[in-house]
Ligand code: ITT
Ligand code: NA
């Protein structure tokens, strides 16, 4: 049984493969790098779930394989949930993690510690070539530091301190982060869905 994951990020493939293996699911997971001819999908949805579904359906159609896609971001309470689906391009420069993080810290410079709540959010979608679809979501609650700390992870990890933690996400090991993260929660939630539809 083959399953394709809509990402060029090897870290995401490793994480989902481990989760499927732990669940004793006999599924071969491949990334989109195995299909270089498939164009990237425009993320035109207005929610994480819509974007994840757009990507999963497009990939399932193009490959004829069951496809998983995720969309994720940081939602800040005092910003009404922003940057949200715009997290990767908050500064205007897509994928410039450093610029995105610095702009966010600037925008929150006057916000007191008790109002710096935020969460990472992830929607993971599974789509079959026949149009069947499922979405599973996960979140990681925390507070935003005033300055970055730590070198692990990516994106906004150096500023999000999970609830009950003294460290930021960038100071956790990859295993520690996966155990509590929005993406870990969403990917683990896919296990019963994969078992139901592909098992
Ligand atoms: P793909 O959709 O191609 O996978 P992307 O750059 O859009 O790549 P994501 O949807 O996974 O990546 O994440 C969007 C942004 O949200 C990402 O650039 C980060 O700024 C932020 N983000 C998501 N998950 C995060 C995490 O675990 N730690 C830190 N920041 C994260
Ligand atoms: Na995204």
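Give all pairs with beta carbons closer than 6 Å in which a residue from region 25-50 that is farther than 22 Å from residue 120 by Cα meets a residue that is away from ligand 1 (no atom under 15 Å from the Cβ) and assigned to a loop (DSSP other than H, G, I, E, B); count only pairs at least 6 apart in sequence or on separate chains.
Short answer, once both residue conditions are applied: 27/1.
All but one of (1) buried (at least 16 other Cβ atoms within 10 Å of the Cβ); (2) under 21 Å from residue 10 (Cβ atoms) hold for residue 94; state the number of the condition that does not hold.
(1)
For region 1-117, give me every one of the strands (runs of 3 or more DSSP E) that falls completely inside it and has 2 or more residues that are within 16 Å of ligand 2 (Cβ to nearest atom) and at pLDDT 95 or above.
Numbers: elements: 2-5, 28-31, 67-76.
The qualifying strands (runs of 3 or more DSSP E) are 67-76.
Which of (1) within 11 Å of ligand 1 (Cβ to nearest atom); (2) crowded, with 18+ Cβ neighbours inside 10 Å; (3) outside any strand (DSSP E or B) is the odd one out, the single condition residue 154 does not satisfy?
(2)
Only residues that are without any contact (Cβ under 8 Å) to a residue 60 or more places away in the chain, closer than 30 Å to residue 117 by Cα and away from ligand 1 (no atom under 11 Å from the Cβ): list them for region 60-78, please.
Result: 77, 78.
Give the residues of region 31-43 that are in contact with a helix residue (DSSP H, G or I) (Cβ under 7 Å, 6 or more places away or on another chain) and more than 13 Å from ligand 1 (Cβ to nearest atom), sorted by residue number.
Matches in region 31-43: 35 only.
Please pick out the residue among 153, 138 that is closer than 21 Å to residue 14 by Cβ, at pLDDT below 95 and within 16 Å of ligand 2 (Cβ to nearest atom).
153
The values are calculated or read from the model by the stated rules, or taken from the named source; none is laboratory data. Owing to the predicted nature of the structure, the values given are computational and were not obtained by experimental measurement. So basically every Cβ, Gly included, is an ideal-geometry build from the backbone, and we count neighbours across all protein chains shown.
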